[in-house]
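Q: Just dropping this structure here.
The values are calculated or read from the model by the stated rules, or taken from the named source; none is laboratory data. Small disclaimer: the values here were computed from a predicted structure and weren't measured. Cβ placement follows ideal geometry from the backbone for every residue including glycine, while neighbour counts extend to all protein chains displayed.
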Amino acid sequence: MDKKDKNFSTINDYKKNGVFKTIIISIVFILGLGIFSFPIISNLIYKNAAKRVVQNFDEEVNQIEDTEISKKLNLAYSYNEYLFGANNINSLEDPYTQEKLSAGVEEYAKMLKVNEQIGYIIIPKISINDPIYAGTSEVVLQNGIGHLEGTSLPVGGKNTHTVLTGHRGLPTAKFFTELDKLVVGDNFYIKNIGGTIAYEVDQIKVVEPTDFNDLVITPNEDYCTLLTCTPYMINSHRLLVRGHRIEYREEVLNTEIEVSNTTNKNNKILFASITLVIIIVIYTSSKYIKKRKGLKEKIVFTEDINQEKEGFD
């Protein structure tokens, strides 16, 4: 191979290496962006689906006669009275045991069901507006919030203690992932066929999976406890966020939702800004690498020409 062929071969090698590096950088960037954005995009998709489910629930309830609603609610109240009479802590089980995860859909709450739902929960502070289903099977917990069997149905009233449970850390939806952000004094709401009931957080505890002492019914009280696994991604214990019944005021709920929407908007702007910065950094780095490669090619080409001149001399 003469010097001229060697010269062009060297330049082509540089070009091939440059293209290869650019491809690798692009692939790494796309994978990184995909991993970073997948939970956010998946949760947005779930939120849109959950919004439709919740809207369908409201629309279906509006089609039910008042007398039928009263009948269903009275059955639910009777069920809750029966539970208070029994009030047997031994009937409660951890919803995250393997046996519970594989259990089927429960029929005990059929008096409240509308399109398989028994209502939905709104937690403005952490932007939760998710359907509530009867039971705690894995099918239920993959699609929304579950009602723990053996606890009061979520219709409120004295001598009741309903327990709602949700997964934490799913890649496709948040559910109760941010439940630990709630503090004493925060509000959450349950919508059922009879209307909306409100609760104010008054106790937050971390307990062993087999400790149900904080889930039993307290005489003359109206409690709702939100239950999930903790610590995040370890799941060795259970986080219990309990609320007591307060007066429902629609204007308060609307204000809380408005504040939450503003926070979400700011988070979306932040996410978009971070994504834009990453794109700019990758683009700038790519341009810099190309410039450096071009400079190296020019140096090699010049050196080879000089060597050829020296050979002629």
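Q: Among the residues that make up the stretch 68-75, is at least one of them touching a Phe, Trp or Tyr at 6+ places or on another chain (Cβ under 8 Å), modelled with pLDDT of 70 or more and in a helix (DSSP H, G or I)?
A: Scanning the stretch 68-75 turns up no residue that is touching a Phe, Trp or Tyr at 6+ places or on another chain (Cβ under 8 Å), modelled with pLDDT of 70 or more and in a helix (DSSP H, G or I).
Q: Scan the stretch 42-67 residue by residue and report those that are acidic (Asp, Glu) and either in a helix (DSSP H, G or I) or within 14 Å of Gln142 (Cα to Cα) (or both).
A: Keep residues of the stretch 42-67 that are acidic (Asp, Glu), which gives 58-60, 65-66.
Asp58, Glu59, Glu60, Asp66, listed by residue number.
Q: Let me ask another. Suppose the filter is part of a helix (DSSP H, G or I) and in contact (Cβ under 8 Å) with a residue 40 or more places away in the chain; does Leu253 pass it?
A: Details: part of a helix (DSSP H, G or I): yes; in contact (Cβ under 8 Å) with a residue 40 or more places away in the chain: yes.
Yes: the conditions hold for Leu253.
Q: Just checking, does the stretch 199-208 include any residue being in a strand (DSSP E or B), in contact (Cβ under 8 Å) with a residue 40 or more places away in the chain and buried (at least 19 other Cβ atoms within 10 Å of the Cβ)?
A: Of the stretch 199-208, the ones in a strand (DSSP E or B) are 199-207.
After this cut, where a residue has to be in contact (Cβ under 8 Å) with a residue 40 or more places away in the chain as well, the list is 199-202.
If we keep only those that are buried (at least 19 other Cβ atoms within 10 Å of the Cβ) too, we end up with 199, 201.
Yes, there is a match, as at least one residue in the stretch 199-208 is in a strand (DSSP E or B), in contact (Cβ under 8 Å) with a residue 40 or more places away in the chain and buried (at least 19 other Cβ atoms within 10 Å of the Cβ).
Q: For residues that are without any contact (Cβ under 8 Å) to a residue 40 or more places away in the chain and touching a strand residue (DSSP E or B) at 6+ places or on another chain (Cβ under 7 Å), tally how many sit in the stretch 128-140. It would help to see each step written out before you state the result.
A: From the stretch 128-140, those without any contact (Cβ under 8 Å) to a residue 40 or more places away in the chain are 133-135, 137-140; that's our starting set.
Filter once more, so that each one left must be touching a strand residue (DSSP E or B) at 6+ places or on another chain (Cβ under 7 Å): 133-135, 140.
Qualifying residue count for the region: 4.
Q: Further question: Quick one: would you say Lys15 is modelled with pLDDT under 80 and in a helix (DSSP H, G or I)? Spell out the reasoning first.
A: Numbers: modelled with pLDDT under 80: yes; in a helix (DSSP H, G or I): yes.
Against the criterion (modelled with pLDDT under 80 and in a helix (DSSP H, G or I)), Lys15 qualifies.
Q: Among the residues of the stretch 244-262, is there at least one that is modelled with pLDDT under 90, more than 30 Å from Phe212 (Cβ to Cβ) and charged (D, E, K, R)?
A: Yes.
Q: Scan the stretch 205-257 residue by residue and report those that are touching a helix residue (DSSP H, G or I) at 6+ places or on another chain (Cβ under 9 Å) and of a type in the set (Asp, Glu).
A: Within the stretch 205-257, Glu256 is the sole residue that qualifies.
Q: On to the next question. So how many residues does the stretch 226-235 have that are surrounded by fewer than 22 Cβ atoms within 10 Å (Cβ to Cβ) and in contact (Cβ under 8 Å) with a residue 24 or more places away in the chain?
A: First, the residues of the stretch 226-235 that are surrounded by fewer than 22 Cβ atoms within 10 Å (Cβ to Cβ): 230-235.
Going one step further and asking which of them are in contact (Cβ under 8 Å) with a residue 24 or more places away in the chain, we end up with 230, 232-233, 235.
Going through the stretch 226-235 one residue at a time, the tally reaches 4.
Q: Test Thr196 against the stated conditions and say whether it is crowded, with 22+ Cβ neighbours inside 10 Å, at pLDDT 95 or above and polar (S, T, N, Q).
A: Values: crowded, with 22+ Cβ neighbours inside 10 Å: no; at pLDDT 95 or above: yes; polar (S, T, N, Q): yes.
Taking the combined requirement at face value, the residue does not satisfy it.
Q: Quick check on my filter: what residues within the stretch 185-198 are over 19 Å from Ser127 (Cα atoms) and in a loop (DSSP other than H, G, I, E, B)?
A: Correct list: Ile193, Gly194.
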